[in-house]
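What follows is one structure encoded as structure tokens, with my remarks underneath.
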Amino acid sequence: MLELTHCVRSKTQLGKPTEYFTLLAIVANSLNLNSYKQQIADLYSRRSPSYDEGDWHPRIARRLLEYTHLAPGQRILDIATGTGLIALEASPIVGSQGRVIGVDISEGMLEKAQRKVDALGFKNIELLLADAETLNFPEDYFDRVFCSSALIWMSDLTAALRLWHRFLKPGGLIGFHAFADTAFIGGVLSQKILQKYGVSLTLNQPTGTIEKCYELLKNAGFEAIKIEPEQYGSYVTFEYARRMWTGKDYPAPGQFPNPLARLSEIELQQAEREFETALKALQGDRGIWNDITIFFARGRKRI
């Protein structure tokens, strides 16, 4: 388990321990997750051993940073830091005079991130086990706030963005990844099939278009908003796509309890068979196209 006291002690090496003791004391509320968030935390702790496999997650994390132009000495808040992909990329850019704080609700992800931080010897990264929607950092503290691929898991997207807006300095930037409502063939087909059973899954819909991302940032108080769509899709095998089936044992982004829990086992089995049939109909010589349209969204806090 990642202990907060361990994190505080590491800050004495940076030459300004008083500020860090004060800051962490403000943030260090006990983690008290509701059932929805505990399911998310457990899911990502299970995923943590294999989360860094392949180059996709690091690539999009690096791309998000490229859009926000970090500089030495800046303070960075990495929301849902996971295995620390954004934090580890930002650390050498902001340098010894900068600070990077990563927060996550998954102990498994944070433990993996801490091992990577220790192995690289980065001294300007702080990892905190904390709920991103109940943080209590000082106002006007950070130069940049990031949320990589996790915004749809928040209980209230607008409220979360407004909270993070408060932590930014005037002129500071927020950057996040969001997925189009056409992204991930498993989710797209699941939504269509489950509608026949009276089940409505939101999945990527809250951030599913450029217009929705823009409105979220605008309603949270940001200006100079820019949304850059990029395609990261590929052809996948039937077996790969089949594993994307949305089961009732997984949390549904922004929905608790999972709407699939209302279905009987017979209905779930029938829906899954229909899902597989629909996938087979999409299969071509190269496999099944799996769209992954990502919106790289950013906004500025008014100066």
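The values are calculated or read from the model by the stated rules, or taken from the named source; none is laboratory data. Computed from a prediction, not measured in an experiment: that's the story for all the values here. Counting neighbours? That spans all protein chains shown, and the Cβs are built from the backbone with ideal geometry, glycine included. What goes into the accessible areas is simple: the full protein's heavy atoms, side chains included, and nothing from ligands, DNA or RNA. Shrake-Rupley method; radii C 1.70, N 1.55, O 1.52, S 1.80 Å.
The table below gives the values:
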| read-out | value |
| --- | --- |
| Strands (runs of 3 or more DSSP E) within region 202-303 that include 1 or more residues under 30 Å from Ala159 (Cα atoms) and among the acidic types (Asp, Glu) | 222-231 |
| Test: residue in region 125-142 that is among the small types (Gly, Ala, Ser) and out of contact with any helix residue (DSSP H, G or I) (no Cβ under 8 Å at 6 or more places or on another chain) | no |
| Verdict on Arg162 being of a type in the set (D, E, K, R), open to solvent by 10 Å² or more (accessible area, probe 1.4 Å) and more than 18 Å from the chain's Cα centre (by Cα) | no |
| When residues of region 201-240 are limited to those that are of a type in the set (Gly, Ala, Ser) and either touching a Lys or Arg at 6+ places or on another chain (Cβ under 9 Å) or open to solvent by less than 30 Å² (accessible area, probe 1.4 Å) (or both), the one nearest to Leu279 (Cα to Cα) | Gly233 |
| Qualifying positions in region 236-267 - touching a residue at least 24 places away in the same chain (Cβ under 8 Å), among the aliphatic types (A, V, I, L, M) and closer than 28 Å to Leu33 by Cα | Met244, Ala252, Leu260, Leu263 |
| Verdict on Gly102 being free of Cβ contacts under 8 Å to residues at least 40 places away in the same chain and farther than 30 Å from Ser234 by Cβ | no |
| Failed item, numbered, when Asp118 is tested on (1) farther than 28 Å from Gly187 by Cβ; (2) open to solvent by less than 40 Å² (accessible area, probe 1.4 Å); (3) among the acidic types (Asp, Glu) | (2) |
| Residue check, Ser200 more than 24 Å from Gln283 (Cα to Cα) and either without any contact (Cβ under 8 Å) to a residue 24 or more places away in the chain or small (Gly, Ala, Ser) (or both) | yes |
| Residue ID - nearest to Asn34 (Cα to Cα), chosen from residues in region 165-183 that are open to solvent by 10 Å² or more (accessible area, probe 1.4 Å) and in a strand (DSSP E or B) | Phe179 |
| Condition broken by Gly73, with the remaining ones in (1) surrounded by fewer than 19 Cβ atoms within 10 Å (Cβ to Cβ); (2) modelled with pLDDT of 95 or more; (3) under 24 Å from Pro251 (Cβ atoms) satisfied | (3) |
| Residue check, Gly198 in a loop (DSSP other than H, G, I, E, B) and either surrounded by fewer than 20 Cβ atoms within 10 Å (Cβ to Cβ) or of a type in the set (Gly, Ala, Ser) (or both) | yes |
